[in-house]
Amino acid sequence: MNDTFDLMDEWGPEKVLCVSDRRTGMKGVLVIDNTARGVGKGGTRMSPTLQVGEVARLARAMTWKWAAVDLFHGGAKAGILGDPGSPDKEGILRAFARALANEVPAEYAFGLDMGLTERDAAIFLDELGDRGAAVGLPRALGGLPYDQLGVTGYGVAEAADAAAALAGLPMRGARVAVQGFGAVGQAAAERLVELGAVVVAAATARGTVTDPEGVDVARLAALRTEFGEDCVVHYGSHGSPGEVLTVDTDILVPAALQDVIGEELAGTTSAKLIVEGANLPTDDAARKVLHERGVAVVPDFIANAGGIIAAAHSMDARYSPFPVDPSDVFTMISSKMRANAVTVLEEAARRGTTSHVAARELAQDRVRTAMRLRGQLPRP
């Protein structure tokens, strides 16, 4: 209990709800962090190592992410402790949805995160019977299939292009390393190649493929469709998964796990620009070192916000009889991502601080204003 209380500060969380089901063995948690700017919205992940503190950190990141992109939803996150490959997955998901029937969709909308797919979003919808219960639904159910369209990765690439231009780094010919050639990393790599970049390294949990002349991203993507994370093995010669973080590159895109760039790596990376496709890939010490070295960083809750922009668009249209037009979504993502990346980097330069601090302060100002208007803050 003391650990849960330690999670609380002036921003939240407003609610930490742990749920379980004896019949299926389901164990899960919902963290609603701050809803001053709207109903809680954030991804739902399934992992055998899930922890309440991890979900709370991600819920807080969602609070800042929604505010930073200036969209009116609140920060929240949910998680299920378990193996996403379990044959009992559907029963566990249905039990989780039933346990949160009082909160969904009144206080929270399910989204997709690690371990869940659009098929799982359809299960949430079926169990709760409300189109507002989940986003990321299959196209056949009127949803916007994020993974197929690659909206988050597309947004990462658009943010990278805008940030590179601001830093005086031409994208045409720029060397890029992508850690995490999954839904986000693949889409980012494909878009960056379209923009003229050369992907010199790409990695999954199985290893890293490198080529100074350029990895064949189209071929690697085709192999991923067939072999999943083993795509790097079937591509050819490959090194360790961590090698991608140390190759000679201009732009580094960590799009896999959190806490992968620490102080030591920050002091040695050759990258001139880091675009955080994953949530929380750097720690405070690393950010300070990168700032001192003049390495530009587009923070996670700015760089990977393409997915939530699409989710917001999908939520706004959820009761419409007409399907969401992907071209409208991509246009909105490009516009928002480019503007936000430039705004945060310019604000960081003006204040002489890290981009994470500048982005977080911008988001905090917006959340605090909403809290004040709602009467949620103590009177002066």
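Quick look at the numbers
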read-out: Qualifying residue in the stretch 212-229 (condition: surrounded by 17 or more Cβ atoms within 10 Å (Cβ to Cβ) and under 18 Å from the mean Cα position of the chain (by Cα)); value: no
read-out: Hits in the stretch 124-179 - residues which are touching a helix residue (DSSP H, G or I) at 6+ places or on another chain (Cβ under 9 Å) and basic (Lys, Arg); value: 131, 139
read-out: Contacts under 6 angstrom Cβ, first residue in the stretch 40-61 being within 10 Å of residue 28 (Cβ to Cβ) and of a type in the set (S, T, N, Q), partner modelled with pLDDT under 95 and in a helix (DSSP H, G or I), 6 or more apart; value: none
read-out: Residue ranges of strands (runs of 3 or more DSSP E) in the stretch 1-82 with at least 3 members at pLDDT below 95; value: 40-47
read-out: Selection within the stretch 348-380 - among the polar types (S, T, N, Q) and either outside any helix (DSSP H, G or I) or surrounded by fewer than 21 Cβ atoms within 10 Å (Cβ to Cβ) (or both); value: 353, 354, 364, 369, 376
read-out: Which listed residue, of 140, 97, is among the aliphatic types (A, V, I, L, M) and modelled with pLDDT of 90 or more; value: 97
read-out: Selection within the stretch 27-71 - more than 23 Å from residue 132 (Cβ to Cβ) and among the charged types (D, E, K, R); value: 27, 54, 57, 60
read-out: Pair list, Cβ under 8 Å, 6 or more apart: the stretch 1-16 residue exposed (fewer than 12 other Cβ atoms within 10 Å of the Cβ), other residue modelled with pLDDT of 75 or more; value: 3/52; 3/53
read-out: For residue 68: the one exception among (1) among the aliphatic types (A, V, I, L, M); (2) in the same structural domain as residue 136 (by TED's automatic domain parsing); (3) surrounded by 17 or more Cβ atoms within 10 Å (Cβ to Cβ); value: (2)
read-out: Every residue from the stretch 26-44 that is basic (Lys, Arg) and under 21 Å from residue 71 (Cβ atoms); value: 37, 41
read-out: Those helices (runs of 4 or more DSSP H) lying entirely in the stretch 257-347 with at least 1 residues within 22 Å of residue 204 (Cα to Cα), under 15 Å from the mean Cα position of the chain (by Cα) and at pLDDT below 95; value: 300-303, 306-316
read-out: Top-ranked residue in the stretch 101-124 [being of a type in the set (A, V, I, L, M) and crowded, with 23+ Cβ neighbours inside 10 Å; ranked as modelled with the highest pLDDT]; value: 104
read-out: Matching residues in the stretch 87-114 - criterion: being without any contact (Cβ under 8 Å) to a residue 40 or more places away in the chain, assigned to a loop (DSSP other than H, G, I, E, B) and over 13 Å from residue 30 (Cβ atoms); value: 87
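So that you can scan it fast, the table gives a plain yes or no per residue for (1) surrounded by fewer than 21 Cβ atoms within 10 Å (Cβ to Cβ); (2) farther than 20 Å from residue 210 by Cβ; (3) within 21 Å of the chain's Cα centre (by Cα):
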{"site": "161", "(1), (2), (3)": "no, yes, yes"}
{"site": "168", "(1), (2), (3)": "yes, yes, no"}
{"site": "176", "(1), (2), (3)": "no, no, yes"}
{"site": "180", "(1), (2), (3)": "no, no, yes"}
{"site": "189", "(1), (2), (3)": "no, no, yes"}
{"site": "196", "(1), (2), (3)": "yes, no, no"}
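The values are calculated or read from the model by the stated rules, or taken from the named source; none is laboratory data. Just so it is clear, the model here is predicted, and its values are computed rather than measured. For neighbour counting, all protein chains shown are included, and Cβ atoms are generated from backbone atoms with ideal geometry for every residue, glycine included.
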